[in-house]
1. Taking a ≥ b ≥ c as the square roots of the Cα gyration tensor eigenvalues, with a/c under 1.5 meaning rounded and otherwise prolate when a/b beats b/c, else oblate, which class fits the range B:465-523?
2. At 7 angstrom along the Cα-to-beta-carbon line, where would the label on A:I306 sit relative to the other copies? Give the distances in nm, shortest first.
3. Would you be so kind as to list the residues of the range A:351-380 that have their accessible area lowered by at least 50 Å² in the full protein complex compared with their chain by itself (1.4 Å probe)?
4. Work out the length of the dipole vector of the range A:315-541 about its Cα centre, built from +1 on the beta-carbon of each Lys and Arg and -1 on the beta-carbon of each Asp and Glu, and round it to the nearest 20 debye.
5. Treating cross-link reach as a plain straight distance, find the lysines whose alpha-carbon is under 19 Å from the alpha-carbon of A:K376, omitting any fewer than eight places away in the same chain.
6. Using only Cα positions of the protein assembly as shown, each an equal point scatterer, no hydration layer, compute I(q)/I(0) via Debye at q = 0.10 Å⁻¹ and quote the log10 values to two decimals.
7. Where the centroid of each part is defined by its Cα atoms, how far is the range A:444-473 from the range A:498-545 in Å?
8. Quick one: how many Å² of B:H93 are accessible to a 1.4 Å probe, rounded to 10?
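The values are calculated or read from the model by the stated rules, or taken from the named source; none is laboratory data. As the structure is a prediction and not an experimental result, all values here were calculated from the model. Here the Cβ is made from the backbone with ideal geometry for all residues, glycine too, and neighbour counts use every protein chain on show. For accessibility, only protein heavy atoms count, side chains too; no ligands or nucleic acids. Shrake-Rupley method; radii C 1.70, N 1.55, O 1.52, S 1.80 Å.
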2 protein chains.
Amino acid sequence: MTSICPYTSFEDKANWARAKRDASVAKVEPKLEGLPAELPLSSQDLPKAVLTSKEIEITEKYTITELLSALKERALSVEEVTRAFLRRAALAHVTTNCLIELMWDEAIGRAKHLDSLPEPKGALFGLPISAKEHQGMVGPNVTTSASFGAWIGKPHGSNLLYDTFWEEGCVFYARTTQPQAIMHLETESPIYGRTTNPYNRDLTPGGSSGGESALLGLRGSILGVGSDIGGSIRCPAAHVGVYGFKPSAKRIATTGLRAANGGRETIPGCPGPMAVDRDALELFMKVAVGAEPWNIDPSITVKEWIPHKFTQPLKVAIQWWDGVVQPHPPMTRALREVADACRKSGMTVVDWDCEPLDHKGAWDLLSALYWPDGGKEVLSLIEDDGEPLMDLTKWIILEQPTVKELTQHELWKLCCQRDEYRARYAKAWRDSRNADGKEVDVIICPPYFGAASTHGNSRYWGYTAQWNLLDYPSAVFPVTTVDAAKDPKDATYTPKNDQDKFVYDLYDPETYQDAPISLQVVGKRQHDEKVLAALVEIERAMGRK
Amino acid sequence: MTSICPYTSFEDKANWARAKRDASVAKVEPKLEGLPAELPLSSQDLPKAVLTSKEIEITEKYTITELLSALKERALSVEEVTRAFLRRAALAHVTTNCLIELMWDEAIGRAKHLDSLPEPKGALFGLPISAKEHQGMVGPNVTTSASFGAWIGKPHGSNLLYDTFWEEGCVFYARTTQPQAIMHLETESPIYGRTTNPYNRDLTPGGSSGGESALLGLRGSILGVGSDIGGSIRCPAAHVGVYGFKPSAKRIATTGLRAANGGRETIPGCPGPMAVDRDALELFMKVAVGAEPWNIDPSITVKEWIPHKFTQPLKVAIQWWDGVVQPHPPMTRALREVADACRKSGMTVVDWDCEPLDHKGAWDLLSALYWPDGGKEVLSLIEDDGEPLMDLTKWIILEQPTVKELTQHELWKLCCQRDEYRARYAKAWRDSRNADGKEVDVIICPPYFGAASTHGNSRYWGYTAQWNLLDYPSAVFPVTTVDAAKDPKDATYTPKNDQDKFVYDLYDPETYQDAPISLQVVGKRQHDEKVLAALVEIERAMGRK
């Protein structure tokens, strides 16, 4: 399929893409009014200045379960729900630059259709779902660039996961930004520019699903679809204090999404949910796996989604640091608070000692496995099109010491090392039985070294990417916010290595004041159901529902 | 670990290996007596000439379930069972050259230990299990060459699957031959020479698990462990009329087995059972998966073994041919007989039309994916050691037109083509719903183009390797034997291509008279339990238990 964009130079194509986006956002009705002349650092107070009280109610006052009930009972029409989220998404875009397209006409058309049905139908009936751009979807006007100038205007085909959600009655209404190459833990591209954090525009919303997180962080969406190969769901969800879940690879179909490096098998990415509400994670998985995607994409693991039930108090391990970089003080405080809550609720709480597990070596292996071609395909896609190569793209390809084009035998050797590392980590789980005969159920750890970074500084992936190397399911959940009074810098700390020093130097409490701090729950490979069940238990221990 | 073999030249090392084997077989007691001066074409009448009636009873009269019961109830001692199988294995070796080691002292020592236990323990208590050489096992004297002269005398470490069986109380007593590079559908190597078929020494027992099949085909084993990446369990099982099952990849651990091309991810091999008794297949899987091997080898799919139960008559599809080579007449007769039996028992029987599914293209893709390095590692292992390169090794590497050393991008392209092909095949299953709304449960097809080939002629892998490309579980089961009266050559047939002509020319009924003819039951990826359940239904339809 050839591009529908009539231009050839990168700049012309990017202008065309931005104009298309702007025209889509401009359709919002009524127009957004009440915005201050100069946008404040935090966008959190803007919705009540711009949106109607009914829109606020629809977008803020319902859990996903309540919203689905109201839609099913037709206490709310799909159209009014859709319009509320469209307007709020437009607002999120104006304040954070999180959209590549507001699907105004398509969404309202879909909503009217659903409202016209004699009976509500499907597990997601009427639910607005926001969509990371590179995943694409069916539709006559859908194009997907996957953040490459070279692919601007390229029509999309079907996407199996999205087809499933559509069958279940959802409404797609907004498509969100991602960074160049979809391989930054921030969200900036030469096509669409920079997406900012709705809590603080000087901070990143994370990436690569940072359009989603910026949107969710302002409740311009209740459920969005991200994707994760190194932290791209979990880091952005953490940075705006929403929930995110990276399943084990091959539980959710990737059929139909667009990305570079197709056919590379070393480290698979995976789509997954990002949501303002914990229950949305389980719902997403239940619907996606329940559709038996393996009948269409036979690479998907043939395994039903069977919710896990704990029959005794959990045994959780706290990973206080990863043995490479020390998390910032608010992250350590969050770990302490959650560990205390778990202990008080009767769980067994132990430490997860990473130092013998060499997370630094794991990263060196992982970064080589991301780019078995030395990054050639991605670099060519960018450079041959005249697209500027961004610093964070250079960093993740050209500045990682182990990245190089491999021979087949070099590749095999790395794959063996990866498998040996995975076996070594499996042994650490088994060894956790030694003290009391009971294996650790989940690890609780930081999803990042601190709150969202200032722009350009997201240069340490270890806290999320570690679990991609191991293919472990992991969920993030909000815990607290940065508080200068509680989280002073430790002036006595001596960094242990260059990365640790880089991270240490980034911290001062004022920069991150009030920024969300989240944690991560990690389970063993393909124990997805168990991780989500553990998250419920942990939040209950924290006094939540 | 360095080799314990004191020699360096290939010939010296091979002599050392053969002497070691011969010394192990020579331990048999009482010595084998009653063998004719010249061995007959078929070995089937030899056991009753050589073995005691008690040995005959132990090795022939029990199903695996009955044998396990007798052992558990201590109606039979482990030692007498072990000695009977040791003697019969030695006989099988003398007639077919199927062993690389008879584990006389180790097996009897183990048997005595098990007999000395106050209570029988484990799901496999006292069961003799024969072992394909390259899988190795724990033990101070275990060496494994994986059929490479270069690795003769190399000590082995642990093998996860074997450790599991050991924990469950089995007795390892015999290790079996495999061909050079473990990549022929026959069993001959410059180290150990040729293994022959116990039904006809002019025919191959198949390969690569042909030591196992030769042993099982003379009931020198009741359950053996094979491995399969292109037919290596199914083809040999079929050629001697026993049962064999190739599970989906990653259900059974491969941790600890020795093979070349470690780290290659394109097409995984898989261990699996070969047995004289159908129920042994399910038992093997239940025990192997029940041990939760993913706790040690995290590449294994986390999925319990849950026996499948059909609630309505099966819908089976018959694959009369693969669109490339026409099976020999006895194979077509077997398909007809089984299809008729299924139909009579109330199953729905339809045709599986392969022609639109391009099995020839599938083979071209698969053979390239076997050797992403162009076969360099294996060729070097052989040639650098001064080991002669065998014709069938040349054929599978150097004479396959698509085999070449790939760049990473060429590899990715082939992986994409593989995944597209798998999706295309998945669509064929879905399309089978069109006529009556019911999807085909399993495909019944030949496991080979005919009976076991004459030596050196196993040069068409399509009937088994197709399912490795698709990662489909598949089981073989005995159906009939070649009967010149029923299976005349079709003199009017015009071969459709060179491969078809090669296969057509191989047939005349006299060459294969009385050779076993088996069929294959194939299910969708990771529907392992369903395939074994279907095999039960199909055999019941055939009037078996």
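1. Working: a/c = 3.03, a/b = 1.33, b/c = 2.27.
Judged from the Cα gyration tensor, the range B:465-523 comes out oblate (a/c at least 1.5, b/c at or above a/b).
2. 0.4
3. By number: none to list.
4. Values: 26 positive and 38 negative charges, 200 e Å.
That gives the range A:315-541 a dipole magnitude of about 960 debye.
5. Within the straight-line cut-off, A:K376 pairs with A:K394, A:K404, B:K413.
6. -1.23
7. Taking the Cα centre of each part, the range A:444-473 and the range A:498-545 sit 10 Å apart.
8. 20
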